[in-house]
Amino acid sequence: MHIPELCSIIRKTRLAKGTTQDALAKRIDLSRTTVNQLENGLVPDLGIRKVQSLLEELGLDLHVRPLARRPNYVRMAL
C-alpha cells in the first residue's frame with residue numbers, strides 16, 4: 001500500500017464512522033489541521049506512533065509486508 005491509499009482509507013473510515021476531523025484529532029491529541037493534512041496526503045512528516053494511534057482510534061490496523069518484486073526485464077534481456 002502506498003501513502004495516498006492509506007490517506008484515502010483513513011478519510012473513508014472516519015466518514016463512515018460519522019466522526020469529524022476535529023473530534024478524531026482531539027481523541028488522539030493531534031490538531032485538526034494535522035488530520036486534514038494527513039487525509040489529503042499533505043502532512044510533511046508524522047511519526048509512526050501518531051499514525052498508529054489514529055488507525056487504532058478508527059479501528060484499523062497497519063501491517064508490514066515485503067514488497068512484491070517485479071521482474072527486471074533489462075537484466076533478463078541481457
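Taking 7 Å steps out from each Cα toward its Cβ at residue 2 and residue 69 produces label points 2.2 nm apart. Accessible surface of the chain, 1.4 Å probe: 54 percent of it comes from carbon and sulfur atoms. The slack between residue 46 and residue 15, meaning 0.36 nm per residue of separation minus the straight C-alpha distance, is 9.1 nm. Packing, as the average of other Cβ atoms within 10 Å across residues, places the peptides 37-45, 57-65 in the order 37-45, 57-65, highest first. Here the dipole of the chain is about 260 debye; that uses its Cα centre as origin and unit charges on the Cβ of Lys and Arg (positive) and Asp and Glu (negative). Annotation: per residue accessible area for the chain equals 80 Å², rounded to a whole number [probe 1.4 Å, protein chains only].
The values are calculated or read from the model by the stated rules, or taken from the named source; none is laboratory data. Just so you know, these numbers come straight off a predicted model, no measurement behind them. Neighbour counts run over all protein chains shown; Cβ positions are idealised from the backbone, glycine included. In case anyone asks, the SASA skips ligands and DNA or RNA and just uses the protein heavy atoms, side chains included. Shrake-Rupley method; radii C 1.70, N 1.55, O 1.52, S 1.80 Å.
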